[in-house]
1. Give me the lysines in straight-line cross-link reach of Lys96: C-alpha distance below 19 Å, same-chain residues under 8 apart excluded.
2. So what is the relative contact order for the chain, in percent, with contacts set as C-alpha pairs under 8 Å and at least six apart?
3. Tell me the net charge near Asp20. Cut-off is 12 Å between Cβ atoms, Asp20 excluded, with +1 for each Lys or Arg and -1 for each Asp or Glu.
4. Could you check which residue among Glu25, Glu73, Glu34 shows the biggest mean-square fluctuation in a GNM of the chain with a 10 Å Cα cutoff?
5. Mind sorting out which of [x] 0.95; [y] 0.98; [z] 1.05 is the real Rg/Rh (Cα atoms, Kirkwood Rh) computed from the coordinates?
6. Assuming 0.36 nm per residue, please report the length gained on full extension of the stretch Asp87 to Lys72 beyond their Cα-Cα distance.
7. Using Cα atoms only, what is the angle between the long axis of helix 24-34 and the major principal axis of the chain, expressed in degrees (0 to 90) to the nearest 10?
8. Would you kindly state how much longer the chain becomes between Asp122 and Ala62 on full extension, computed as 0.36 nm times their sequence separation minus their alpha carbon distance, in nm to one decimal?
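Where a number appears in this text, it was derived from the coordinates with a stated rule and is not lab data. Just so it is clear, the structure is predicted and the values come from calculations on it, not from any experiment. Backbone-built Cβ (ideal geometry, glycine too); neighbour counts: all protein chains shown.
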Amino acid sequence: MKTGMSVLDAMTKSPVTVFDHATVEECAKIMKKEGLGSLVIMDKGKINGIITQEDIVFKVTAERLKLETPVKEIMSTKLITVTPDTDIYDALILLKEHGIKQLPVVHENKLVGISSVKDILDIEPELFNLWSEQEKIR
């Protein structure tokens, strides 16, 4: 099912990024201040990974890591990305299949945005049933 709307219509165009040597504490403070669920981790102009609220809560707590731990030690490096012209339905399917809530948006190997479940459902609420089926299974 194609919606005719692209990720470009449902993305934050200025995603907040940090360097991979930032600490878990620094990332948590940025997320709280900016009201974000994730930060994209950059190194030398390239996407190096992503860190989410869940990464901070679960990994730091479960592994008893210190807040001074560099984010590169807990970030996810196997990224699922989309391009700005990806249909939002296809993006939501990727989010659902991989059990994630944010997708970095890349154009010509450069980060141009980030799209989340919330971003997509805000512009196309009819896709909510697709997303809620996944949440019921969990």
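1. Lys96 reaches Lys2, Lys78, Lys118, Lys136.
2. Details: 213 pairs, mean separation 41.8, N = 138.
Reported relative contact order: 30 percent.
3. On the way: positive: Lys44, Lys46, Lys72; negative: Glu26, Asp43, Glu73.
Around Asp20, the charge tally is 0.
4. Of the options given, Glu34 has the highest mean-square fluctuation.
5. The calculated read-out lines up with [y].
6. On the way: separation 15, 0.36 × 15 = 5.40 nm, distance 3.08 nm.
Between Asp87 and Lys72, full extension yields 2.3 nm more.
7. Relative to the chain, helix 24-34 is tipped by roughly 40 degrees.
8. Details: separation 60, 0.36 × 60 = 21.60 nm, distance 3.32 nm.
So the chain would gain 18.3 nm between Asp122 and Ala62.
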